[in-house]
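What follows is a set of notes on a single structure, which appears directly below.
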Amino acid sequence: MLKNHNNHNQFNIDKFYKNYLKGPRIFSNRDALESSYVPDTLPHRDVQIKNIAEKTACALLGDTPPSFLCYGQTGTGKTATIRYVSQKLAHQSAKIKPWWIYINCNVVSTPYRILAHIYNTISRCEKIPPTGLPKDIIFKKLLGLLDSIVGNSICFLVLDEIDILVNRKGGNEILYNLLRLNENLDKCKTSLIGISNKLKFREYLDPRILSSLGEEHIVFPSYDASELRDILKERSKIAFLDGVLKEDIIPLSAALAAKEHGDARKALQLLRKAGEIAERAQNKFVTSKHLEKAQEDLENDHIKEYIKGMPLQAQLVLTSIYLLSKFSPDHIIISGDIYDVHSEIRALIPGVRQLTKRRISDYINELALAGIISAYIKSMGHYGRTKIIKLDITNELVDKVLCGIEKIQMILNHKPILLQKDKVKLKNNIFKKLI
Ligand SMILES: Nc1ncnc2c1ncn2[C@@H]1O[C@H](COP(=O)(O)OP(=O)(O)OP(=O)(O)O)[C@@H](O)[C@H]1O
Ligand SMILES: [Mg+2]
């Protein structure tokens, strides 16, 4: 008889699925917590909905709505409100069905691709290639297409995260041209809606564009904790089964998200993550313990993304701090140590420059601002003042992120010379101690 000699424990996936299906249910519609879900009601956005409805209503009569800007911090419901109004407007209009072309400038980011995207969305069959055509030719083709396919109707062009486009080469020019489409159209009318979460973004706009976007902009203020509670209550009725959320979960999630400038996305993510943690643990209820863990997980995700996005030199400054605290947890780290370790490790990576003490100090300040380390100045009496640095996140978390960075991965076991008992560094030369 054949025996299975494989001793290591294997994850039993069939059993896992069976248990999962037998386990307690938490969600009734998990998708209702997704960002893309458009809810039937948007509490605390009446002023903005009314304002946008008033601006766009004339589309129902075949007239041209004004172009306008919406702005407010991240997670304040800008995208959701525009999507909501567009759906309501579509339901009202039996004769004239407005077109809505939604473009996220973070995804479709160059002027060429924006024009191609608008054209390809309307045309459906004939496509503009991803590169190659001169922009004025695409513009001409687009004008013809708008008149022939959109015809007597209105075409709303929604440019979400419009600030990204403005900062691109040729961004102001394409915006200007899109705002003037109507001057060259015979039948169709267009209206441009810009959305941004960069509050200062208007200052960088060409004055001609600013005046075409109208004087009045629609502002989305951040939510406070009680507004977030209302939003979460509505959404959780759809997303969760009755009674699975313990009483304090909604107020707690709302309070946590209110601290982060009233971000509704964050509040919904917290709730979803807490639900998933409870589900994975096969618990019947979502409790504050699950919420705490969800908050921790989300914070870690956020920190991981932040570190991954930092420039290599900043990552190396963090690596220096990490190596010092990994190899000697009790060592008090001062900025001079970081300078030393940075110069050692940067020499292990081809093409990385030595930084000045001043630059290292700037990176230390940035890491402290991001909440990854804490740094405080200590007076050393006659010896002047020095900066003491401490990691504010766990070594495991830093290790996990740095391991994913190709150039840094291989130096994570480098023990800094100042921690090597048998070596000493003098004027940039390393000597072996003889006694
Ligand atoms: N008043 C509200 N009622 C219900 N859900 C809301 C409300 N405001 C925001 N949300 C929800 O919060 C999440 C984030 O909203 P949205 O994507 O509209 O934010 P945003 O202002 O566009 O943010 P960003 O600037 O980051 O793009 C979405 O899931 C949205 O459905
Ligand atoms: Mg948005």
Q) Could you list, in sequence order, the residues of segment 102-125 that are away from ligand 2 (no atom under 16 Å from the Cβ), aliphatic (A, V, I, L, M) and under 18 Å from Leu175 (Cβ atoms)? A) Ile114, Leu115, Ala116, Ile118
Q: Considering every residue within segment 85-94, establish whether at least one is within 14 Å of Leu178 (Cβ to Cβ), among the basic types (Lys, Arg) and more than 16 Å from ligand 2 (Cβ to nearest atom).
A: no
Q: All but one of (1) surrounded by fewer than 20 Cβ atoms within 10 Å (Cβ to Cβ); (2) assigned to a helix (DSSP H, G or I); (3) within 16 Å of ligand 2 (Cβ to nearest atom); (4) among the hydrophobic types (A, V, I, L, M, F, W, C) hold for Val219, so report the exception by its number.
A: (2)
Q | Search result, residues across segment 151-167 that are within 12 Å of ligand 1 (Cβ to nearest atom), among the aliphatic types (A, V, I, L, M) and farther than 18 Å from Lys55 by Cα | A | Ile162, Ile164
Q.
Test of understanding: among Leu69, Leu60, which residue is in contact (Cβ under 8 Å) with a residue 12 or more places away in the chain and surrounded by 19 or more Cβ atoms within 10 Å (Cβ to Cβ)?
A. Leu69
Q: Assess whether Leu397 counts as being aliphatic (A, V, I, L, M), at pLDDT below 85, in a helix (DSSP H, G or I) and crowded, with 16+ Cβ neighbours inside 10 Å.
A: no
Q | Residue check, Ile162 over 18 Å from the mean Cα position of the chain (by Cα), within 16 Å of ligand 2 (Cβ to nearest atom) and not small (Gly, Ala, Ser) | A | no
Q: Might you check whether a residue that is part of a helix (DSSP H, G or I), within 33 Å of the chain's Cα centre (by Cα) and crowded, with 19+ Cβ neighbours inside 10 Å occurs anywhere in segment 142-156?
A: yes
Q. Among the helices (runs of 4 or more DSSP H) contained in segment 226-330, which hold 1 or more residues that are within 16 Å of ligand 1 (Cβ to nearest atom) and either out of contact with any Pro (no Cβ under 9 Å at 6 or more places or on another chain) or over 30 Å from Gly351 (Cβ atoms) (or both)?
A. 249-259, 264-280, 288-309
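The values are calculated or read from the model by the stated rules, or taken from the named source; none is laboratory data. Predicted model only: the values in this text are computed from it and were never measured. Every residue, glycine as well, gets a Cβ built from its backbone with ideal geometry; the counts of neighbours run over all protein chains shown.
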